[in-house]
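**Student:** Before I ask anything, here is the structure I am working with.
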Amino acid sequence: MRYTVLIPARLASSRLPNKPLADIAGAPMVVRVAQRVRSGVSGEVRVVVAGDSPSIVKACKDHAIEAVLTRDDHQSGSDRLAEASQILGLGDDDIVVNVQGDEPLIDPALVQAVAAALVSQPLAAMGTAAHAIDNTGDFGNPNVVKVVLDAKGFALYFSRAPIAWWRDGFTNGLQTTLPHPAPLRHIGIYAYRVAFLRMFPQLAQAPIEVTESLEQLRALWHGYRIAVYVADHAPGSGVDTPEDLERVRALFLTQRGL
């Protein structure tokens with residue numbers, strides 16, 4: 001299975017300035033992400049960083065990671081991916097997997113699975129992932145995005161609200177048990193067919209996208225299908241804050257026996 005992993009990276013970050021270049025055990029974080037992905041995918045998979053600064057591109061090339069320089073004024077990550085696919089000369093039928101540049105603990109098997117989910121569903125324009133929620137706190141948390149699927153594994157809807165709503169269980173408020181089957185938490189990794197990726201930023205924003213503040217709802221609102229791979233467990237958490245960065249640094253040092 002051939003596809004391209006694109007890792008968008010931008011220097012601006014309100015909580016962690018210059019985040020892509022933050023050192024993790026002797027290498028920039030975005031390099032650690034690329035290395036992690038390359039360690040578990042086949043040799044036919046191309047891994048490329050799409051940076052918004054020459055310093056990001058240089059840091060990647062210094063560590064033998066392929067990188068391209070994209071504009072620094074993109075409004076969204078999908079815009080950056082679309083430009084990168086153009087720079088790389090990818091064809092309309094090619095597949096791109098978007099791995100965020102702040103996830104040095106990403107499981108390469110998850111990357112492969114999301115790509116495979118899209119390949120196996122010719123009617124889908126996108127692929128993504130989810131895992132079962134195991135506690136009512138996450139189910140009721142608006143910062144935890146939920147997804148419901150149809151019988152063929154396509155996404156019906158994404159929401160910050162608890163979906164599907166458990167009518168009988170929630171009659172007296174949020175209870176200590178969850179419905180069966182378990183609700184699904186969305187994992188923010190995406191695969192795209194390149195033709196759709198190039199068109200997606202040009203689609204009008206959807207009202208439900210604005211309401212929920214979830215960009216993937218734009219695809220559903222315009223009638224495109226999203227194939228969903230259901231993972232057995234939650235992925236490793238990303239790096240959003242200085243505390244997250246210190247935790248990941250400690251983990252890398254532990255793995256190296258330092």
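**Student:** How high is the FRET efficiency between Asp134 and Glu246 when r is their beta carbon distance and R₀ equals 30 Å, given to the nearest 0.05?
**Tutor:** 0.65
**Student:** Next question. Please find, in a Gaussian network model of the chain (springs between Cα atoms separated by less than 10 Å), the residue of Tyr229, Tyr192, Tyr157 whose mean-square fluctuation is greatest.
**Tutor:** Highest fluctuation of the listed residues: Tyr157.
**Student:** Follow-up. Rounded to the nearest 500, what is the chain's calculated 222 nm mean residue ellipticity when only DSSP H runs of at least 4 contribute -39500 (n - 2.57) each, over all residues?
**Tutor:** -8500 deg cm²/dmol
**Student:** Just want to confirm a number: the relative contact order over the chain, from Cα pairs under 8 angstrom separated by 6+ residues, in percent. All intermediate terms of the calculation are to be shown ahead of the outcome.
**Tutor:** Values: 489 pairs, mean separation 58.6, N = 258.
Reported as a whole number, the value is 23 percent.
**Student:** What list of ³J(HN,Hα) couplings, whole Hz, do you get for segment 143-157 from phi and the Karplus terms 6.51, -1.76, 1.60, once you set θ to phi - 60° and write x for glycine and proline?
**Tutor:** Residue by residue, segment 143-157 yields 7, 9, 7, 9, 9, 10, 10, 8, 5, 9, x, 8, 6, 8, 6 Hz.
**Student:** From the phi of every residue in segment 98-111, what ³J(HN,Hα) in whole Hz does the Karplus formula 6.51 cos²θ - 1.76 cosθ + 1.60 yield, where θ is phi - 60° and glycine or proline is x?
**Tutor:** Per residue, the Karplus-derived 3J(HN,Hα) values read 8, 10, 5, x, 10, 10, x, 9, 4, 7, x, 5, 5, 4 Hz.
**Student:** Apply 1/(1 + (r/R0)^6) to the Cβ-Cβ distance of Lys152 and Lys61, taking R0 = 45 Å, and write down the FRET efficiency to the nearest 0.05.
**Tutor:** After rounding, the FRET efficiency stands at 0.60.
**Student:** In addition: Of the beta bridges DSSP finds with both residues in segment 1-116, what % are antiparallel, to the nearest 5?
**Tutor:** 15
**Student:** Quick one: length gained pulling Arg2 to Gln86 fully straight, 0.36 nm per residue minus the C-alpha distance?
**Tutor:** Between Arg2 and Gln86, full extension yields 28.5 nm more.
**Student:** Name the long-range amide H neighbours of Val148: under 5 Å, sequence gap of 5 or more, or other chain; modelled H, no Pro or chain starts.
**Tutor:** Under 5 Å from the amide H of Val148 lie the amide H atoms of Leu156, Tyr157, each far enough along the sequence or on another chain.
**Student:** For Lys19, which lysines qualify as cross-link partners when the Cα separation must be under 25 Å and same-chain residues fewer than eight apart are set aside?
**Tutor:** Within the straight-line cut-off, Lys19 pairs with Lys58, Lys61.
**Student:** Residues with amide H under 5 Å of Tyr190's amide H, sequence separation 5 or more or different chain, H placed in the peptide plane at 1.01 Å from N; which?
**Tutor:** Asn98
**Student:** Let me ask something else. Given the Cα-Cα distance of Ala12 and Ala234 and 0.36 nm per residue of separation, how much length would full extension add, in nm?
**Tutor:** Going from the current span to full extension adds 77.2 nm.
**Student:** Could you give the nm distance between label points at His222 and Asp72, where each point is 7 Å from its Cα heading toward the beta carbon?
**Tutor:** 2.9
**Student:** So what J values fall out for segment 63-74 if you push phi through Karplus, 6.51 cos²θ - 1.76 cosθ + 1.60 with θ = phi - 60°, rounded to Hz, Gly and Pro as x?
**Tutor:** For segment 63-74, the Karplus curve yields 10, 6, 10, 5, 8, 10, 9, 10, 4, 9, 10, 5 Hz.
**Student:** Picking from Ala164, Ala151, Ala227, which is most flexible by a Gaussian network model of the chain using Cα springs under 10 Å?
**Tutor:** Ala151
The numbers here are math on the coordinates, done by the rules we state, and not lab data. Predicted, not measured: the structure shown is a model, and the values here were computed from it. Don't worry about glycine lacking a Cβ; one is built from the backbone with ideal geometry, like all the others, and counts go over all protein chains shown.
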